[in-house]
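The values are calculated or read from the model by the stated rules, or taken from the named source; none is laboratory data. Computed from a prediction, not measured in an experiment: that's the story for all the values here. All Cβ positions, glycine included, derive from the backbone under ideal geometry; neighbour counts span all protein chains shown.
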Amino acid sequence: MATLGRPPVITVLGHVDHGKTSLLDRIRKANVAARELGGITQAIGAYQINHEGQIITFIDTPGHAAFSAMRERGGRVADIAILIVAADDGVMPQTKESIEHIKVAGIPYVVAINKVDLPQANVTKVKADLAELGQYVEGYGGNVPVVEISAKTGQGIDKLLETVLLLAELEEMKDTSGEPTSAVVIESQLSSGKGPLATLLIKSGKLSPKDDLYFGAKKVGKIRSLTLASGQSTNLATPATPVAVLGFVEVPQVGDIITILPGEAIARGAILGKSVSTSIESEPVKPNVIIKTDVAGSLEAILGSLPDTVNVVSSSVGAVSESDIALAVSDHATIVCFNVKAGGTVAKLGQIEKVEVVSFGIIYELFDFIKELGQRAGKAEALKIVGEAKVLKTFPFNNQIVYGCLVTAGKIRLGDFIGESKIVSLRIGKETAKEAKKDQECGIILEPNLDYKIGDAIISNNP
């Protein structure tokens, strides 16, 4: 197996009581490199193991809501997911939710069928249940890897880890340590003895003690200490490493993107190592919806006629449930109902969680509402990133800095915002210009100035 450029980051999702915690405990305790973790793992919500010479990072997200918060604010937090399903129980509501989370996150996954040591285990039923949801595992008409395990006895754990590493090899885990520093908060708390404490997962660049910490343009602290999941202090944290950080002024939120230069996450286009030019040229963001109907025939008819301006994260027959509300919260979805409603308790929960639940008895009114949702999203999308340019050279001019750039995506326009700064001068050649298009070279002056270097990406937003 080829050596990976960085450790893969793994998350485990699945229905409650299907063995997620037991699996993580088994992997952690069975690994020599992780035997001295003590209680620090529970405190920082992550750990690393060494399997056959390759480091693997596991993040123990405390539920789907936290996983989604990380995804919403930071893009791909995990590289690979393990979907755990109990062999004696089969596919359950949270299994379906987990699949939707994985699909929206756009990451590969492996199915771990747990509890195969039990006499009532039915692996074939699990595979059939997954097929009904359109998830076809290997040997059952598809290419999703599947491993039969027992978190209790340890059966199949080595094979599961090998499968994870094979997926990581296919995904090409590239070394991002030379890129601008960006990290995502995966756990945070207020320690009575130490003050604000947060676990950061390094996505690119490096962290060291005394580094300043920024959330956007706001300084939120200075690193006093870095602690690995092993409990050991370190002077250097590299990509895919979870590290407990002391030094925040206040407790940050899960999913916050932390950098070590002001505005770097926006200004340098280094949000979790994602290419911003891809997001400029990709399809517009679609609103998420959950569809609930009275009967299967209605559900089939609605799903078959929905426009492609919305993204269906879940669809099912029956009244709105608490799990529907939970999924709507985590995926920022609107629940759209046909001939069903949310009951009193569930409706109250929806109000508390600020979930929009709408019910219709006339189908064309439902489609009119869906169309309106798509239009809302289109208006919101128009206010997002519009252009990207690569810095080719820099030079001083009248106590300012001119950035010589090549537009690589979208348009760069006079008056556009770059993080907290604004483009106050735009030239093509020696001529003043209102905009520069893709593949054009231009000169840009920002106010206030940002510290760009050659090779950095300048990302513009609508004013």
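A few comments on the model shown:
- The test for being crowded, with 17+ Cβ neighbours inside 10 Å and either touching a strand residue (DSSP E or B) at 6+ places or on another chain (Cβ under 8 Å) or farther than 27 Å from TYR214 by Cα (or both) does not hold for GLY455.
- Number of residues in the range 232-258 that are in a strand (DSSP E or B), touching a Gly at 6+ places or on another chain (Cβ under 8 Å) and more than 23 Å from ASP79 (Cα to Cα) equals 3.
- Wholly enclosed strands (runs of 3 or more DSSP E) of the range 314-408 bearing at least 3 residues surrounded by fewer than 16 Cβ atoms within 10 Å (Cβ to Cβ) and assigned by TED's automatic domain parsing to the domain that holds GLN440: 385-397
- Within the range 111-164, considering residues that are farther than 21 Å from ILE27 by Cβ and of a type in the set (Ser, Thr, Tyr), the one modelled with the lowest pLDDT: TYR140
- Candidate set from the range 423-452 (those that are under 31 Å from the mean Cα position of the chain (by Cα) and closer than 15 Å to GLY410 by Cβ); member that is surrounded by the most Cβ atoms within 10 Å (Cβ to Cβ): ILE423
- Out of GLN232, GLN189, one residue alone is free of Cβ contacts under 8 Å to residues at least 24 places away in the same chain, more than 24 Å from ASP89 (Cβ to Cβ) and of a type outside the set (A, V, I, L, M, F, W, C). It is GLN232.
- Qualifying positions in the range 409-419 - assigned to a loop (DSSP other than H, G, I, E, B) and either touching a helix residue (DSSP H, G or I) at 6+ places or on another chain (Cβ under 8 Å) or under 16 Å from GLY455 (Cα atoms) (or both): GLY419
- Some residue of the range 195-213 being without any contact (Cβ under 8 Å) to a residue 24 or more places away in the chain, of a type in the set (Gly, Ala, Ser) and in contact with a strand residue (DSSP E or B) (Cβ under 8 Å, 6 or more places away or on another chain): no
- Matching residues, the range 348-371, being more than 16 Å from VAL320 (Cβ to Cβ), at pLDDT 85 or above and not hydrophobic (A, V, I, L, M, F, W, C): GLU365, ASP368, LYS371
- Residue-level check: of (1) at positive phi; (2) within 23 Å of the chain's Cα centre (by Cα); (3) small (Gly, Ala, Ser), GLY247 misses just (2).
- Verdict on LEU170 being of a type outside the set (D, E, K, R) and in contact with a His (Cβ under 9 Å, 6 or more places away or on another chain): no
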